[in-house]
Amino acid sequence: MLFGTAAASAALLAAGCTSNDSDDGGENTSADQAGVADDKPGKKVTVGFAGPQADHGWLNAITQQAKARAKKYEDVTLEATEGSNDNATQIGQIETLINKKVDVLVVLPADGKALTQVGLKAMRAGIPVVNLDRIFDSAQAYRCWIGGDNYGMGLNAGRFIGEQLKDKKGAKVVELAGQDNLELTRQRTQGFDDALKNYPNIKKVARQAAEFTVESGQEKMAQLLRAQSGFDALWNHDDDQGVGAERAIKQAGRDEFLMVGGAGSKRVMETIKGDKGVLKATVLYPPTMAASAIDLARALGQGKGVGGMAEFEIPASITLYSAVVTKENVDEYLPIGFT
C-alpha cells in the first residue's frame, strides 16, 4: 500500500478495507450491495493521467506515485502524458486522452482556471475526471476532487511553532512564503496567521515571498536574515526552496531559531531525524494524493464505491490532512518522503 498516515483522510480508499463477508446474519450492508473496490482484479480500466512538468521534487513525486499505484493493479492501464507547464500544451494532451476514449481522467492542472474548459469537455464526453490538487473553476469540470489542505498546512505550522514558543515572552517569527500570485500561498499564510492569533506572546515580524526554487529560497532567506538581527522561529512554505534557505542560514552563521519546513521531502525528514540543526519539523503536503487519485479513478471506472463508507458513491471532495513531522514521529513518515 502506498497510503501512509500522512494520507489518513484518503485511507478510506485503500484496497481491501471492506470485506464482502458479512457477520450480520446474512444481510448485506449497503457497501456490499454497492460493490467496493478492492485488490482483486475486476473490470479493466484505462486511466489517463495529465499533470504539469515534473520540474520540482513534489511534482516529480506526484507522477511517480501515480505510475507506481497503477502498476499495482493488473486491471488498470495508465496513459500518462509527458507533462507541461504550458496551458495550451497540457490542454492538447488532455484532448488527446479524451480522443483515445480513456475510461477515467486524472488531471493535476498547471492552472486550474485555464484548464477548466477541457475538464468540462471530458465530463460532457462521459469521461469522469478526478481533479488532483489544483482545482478547476467549476465543480462541473470534475467528478471528484482530491488534494492537500493549504490553509491547514499553515495552521498546523503555526500551531507547532506556537506550542514551542508559548512560554517565551516577546517571541518573534518570520515567514518564507511561496509564490504570492498563487492562491495556495495566500491560503498557507492565512492559516499560519490565524494559528498565531492563539498565542498573544508571539509576533510575526517579517515575511518574504520566494518562488519555490532553491535559488529564490536562498536569496529571500538572506534578505530576511539581514533585516532581522534575531528571531525565534521560521516557517518555510516549501522544502525544495528550503534547500536554498538553509544555505543562506549556514552562510550567515545563524542558529538562534527553530525552522519548520513544508511539503515533506525525504531530505528534510532525514535532517529532522538527525536533529543537529535549526530544522525541527516539516508540515506535510503528501504526494501520496496521486496514488489515492488512481484508486478513485479505478473505482469510478469499475462503478464501485470505497471501503469504510456507507455511501454507494465515492465522495465529491477529499481533503488530505497536513500532519507535522518531528523527530518523535519521523520514522513513521520517512517512507512517503519525496526526493
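The values are calculated or read from the model by the stated rules, or taken from the named source; none is laboratory data. This one's a predicted model, so the numbers in the text were calculated from it and none came from an experiment. Glycine gets a Cβ as well: all are built from the backbone with ideal geometry, and neighbour counts include every protein chain shown. All accessible areas refer to the heavy atoms of the entire protein, side chains included, with ligands and DNA or RNA removed. Shrake-Rupley method; radii C 1.70, N 1.55, O 1.52, S 1.80 Å.
Selection within the range 232-281: residues that are polar (S, T, N, Q) and within 18 Å of Ile62 (Cα to Cα). The member of this set that is farthest from the chain's Cα centre (by Cα) is Gln241.
The set of residues in the range 48-71 being among the basic types (Lys, Arg) and in contact (Cβ under 8 Å) with a residue 60 or more places away in the chain consists of Arg69 alone. Of the residues making up the range 61-70, not a single one is under 27 Å from Thr213 (Cβ atoms), in a loop (DSSP other than H, G, I, E, B), open to solvent by 30 Å² or more (accessible area, probe 1.4 Å) and not small (Gly, Ala, Ser).
Pairs linking a residue in the range 164-187 that is touching a residue at least 12 places away in the same chain (Cβ under 8 Å) to a residue that is of a type in the set (Gly, Ala, Ser) and open to solvent by 40 Å² or more (accessible area, probe 1.4 Å), with Cβ atoms under 9 Å and 6 or more positions apart or on different chains, are Val174/Ala227.
Going by the conditions given, is Lys40 more than 17 Å from the chain's Cα centre (by Cα), more than 30 Å from Asp239 (Cβ to Cβ) and assigned to a loop (DSSP other than H, G, I, E, B)? Here the answer is yes, as Lys40 does meet what is asked. Tallying residues that are acidic (Asp, Glu) and either assigned to a helix (DSSP H, G or I) or open to solvent by less than 40 Å² (accessible area, probe 1.4 Å) (or both) within the range 174-213 yields 4.
Taking the conditions (1) open to solvent by 10 Å² or more (accessible area, probe 1.4 Å); (2) among the β-branched types (Val, Ile, Thr); (3) assigned to a helix (DSSP H, G or I); (4) out of contact with any Leu (no Cβ under 6 Å at 6 or more places or on another chain) in turn, Thr271 satisfies each one other than (4). Residue check: Arg298 meets all listed conditions (1) assigned to a loop (DSSP other than H, G, I, E, B); (2) closer than 30 Å to Lys43 by Cα but one, namely (1).
Of the residues making up the range 259-268, those that are open to solvent by less than 30 Å² (accessible area, probe 1.4 Å) and on the phi < 0 side of the Ramachandran plot number 6.
Considering Glu332, Glu246, Glu313, Glu328, the condition of being part of a loop (DSSP other than H, G, I, E, B), in contact with a Gly (Cβ under 8 Å, 6 or more places away or on another chain) and open to solvent by 10 Å² or more (accessible area, probe 1.4 Å) is satisfied by Glu313 alone. Within the range 214-236, being without any contact (Cβ under 8 Å) to a residue 40 or more places away in the chain, closer than 30 Å to Lys113 by Cβ and open to solvent by 30 Å² or more (accessible area, probe 1.4 Å) holds for Val214, Glu215, Glu219. Taking only the range 135-158 into account, find how many residues are without any contact (Cβ under 8 Å) to a residue 40 or more places away in the chain and either surrounded by fewer than 23 Cβ atoms within 10 Å (Cβ to Cβ) or not in a helix (DSSP H, G or I) (or both). Qualifying residue count, the range 135-158: 6.
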